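The values are calculated or read from the model by the stated rules, or taken from the named source; none is laboratory data. Note that this is a predicted model, so its numbers are computed, not measured. Cβ coordinates were reconstructed from backbone atoms using ideal geometry, including for glycine residues, and neighbour counts include every protein chain displayed.
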Ligand SMILES: Cc1cc2nc3c(=O)[nH]c(=O)nc-3n(C[C@H](O)[C@H](O)[C@H](O)COP(=O)(O)O)c2cc1C
């Protein structure tokens, strides 16, 4: 597979990754490069029991716009008017982006593992979420490394059925998160950091 050369080292990309909400409909890298990066992440990211339960959908151009229009329609129908006005501002912001990555977990894989390993069956849903989170962070950091800003959104479960219908996705794919991305047009919000010393202990 053709891989893209990272333009940042791993630690810089981890450090610089932020929730970027102000995005434009442009990308410093080609669609093919975005596709290659996500392919590599799908191939190489670890998963519980090597389940490979994560599924990813990349929406670009009119597909990206369609997603955020679906979100608008659905949320307008479930939220009170005042709440929806604030939501609409956020959704318009995401629509301003270049694309969206959708993260799913394949429930048929999880159920298969639960049947195979009944003693730890209650752990699989947790490991599935953790596996999905690993993919989310890998994509988020890789996009940052290539000059693309992103944020992590959760309009599931409201949009799930419409999303599956629109892109003819399997019923057993459960939507976990949405990651709108694009070239950033403003710096990230200020972030408060808790002390690392309280969160990280070393014994040596
Ligand atoms: C599991 C998880 C769920 C999140 N859900 C949302 C979300 O639904 N909407 C949102 O705008 N940000 C969401 N975020 C982003 C966090 O709010 C953000 O990462 C955090 O405030 C730190 O800011 P930073 O991403 O700029 O470092 C989520 C992050 C994580 C790890």
Original post:
Within segment 182-195, can you find the residues that are closer than 22 Å to residue 138 by Cβ and either within 13 Å of the ligand (Cβ to nearest atom) or surrounded by fewer than 11 Cβ atoms within 10 Å (Cβ to Cβ) (or both)?
Top reply: 184, 188, 191
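Kindly indicate the residue of segment 129-180 that is assigned to a loop (DSSP other than H, G, I, E, B) and within 10 Å of the ligand (Cβ to nearest atom) and also nearest to residue 20 (Cα to Cα) among those meeting that condition. Even if it seems obvious, please write down each step before you answer.
Of segment 129-180, the ones assigned to a loop (DSSP other than H, G, I, E, B) are 146-148, 151-152, 154-159, 167-172.
Going one step further and asking which of them are within 10 Å of the ligand (Cβ to nearest atom), we end up with 151-152, 154-156.
Numbers: 151: 5, 152: 9, 154: 15, 155: 17, 156: 20 Å.
Taking the candidates together, the pick is 151.
Suppose we filter segment 63-72 for residues that are touching a helix residue (DSSP H, G or I) at 6+ places or on another chain (Cβ under 8 Å) and in contact (Cβ under 8 Å) with a residue 40 or more places away in the chain; how many remain? Outline the logic, then answer.
So in segment 63-72, the residues touching a helix residue (DSSP H, G or I) at 6+ places or on another chain (Cβ under 8 Å) come out as 64-72.
Then drop every residue that is not in contact (Cβ under 8 Å) with a residue 40 or more places away in the chain, which leaves 64, 66-68, 70-71.
Going through segment 63-72 one residue at a time, the tally reaches 6.
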Original post:
Quick one: residue 46 ticks every box in (1) closer than 13 Å to residue 134 by Cα; (2) without any contact (Cβ under 8 Å) to a residue 24 or more places away in the chain bar one, so which box is it?
Top reply: (2)
Original post:
Out of (1) closer than 26 Å to residue 164 by Cβ; (2) modelled with pLDDT under 95, what's the single condition that is false for residue 9?
Top reply: (1)
Original post:
Which residue out of 13, 22 is within 16 Å of the ligand (Cβ to nearest atom) and out of contact with any strand residue (DSSP E or B) (no Cβ under 9 Å at 6 or more places or on another chain)?
Top reply: 13
Original post:
Within the group 121, 153, 178, 107, which residue is modelled with pLDDT of 95 or more, surrounded by 15 or more Cβ atoms within 10 Å (Cβ to Cβ) and farther than 20 Å from residue 67 by Cα?
Top reply: 107
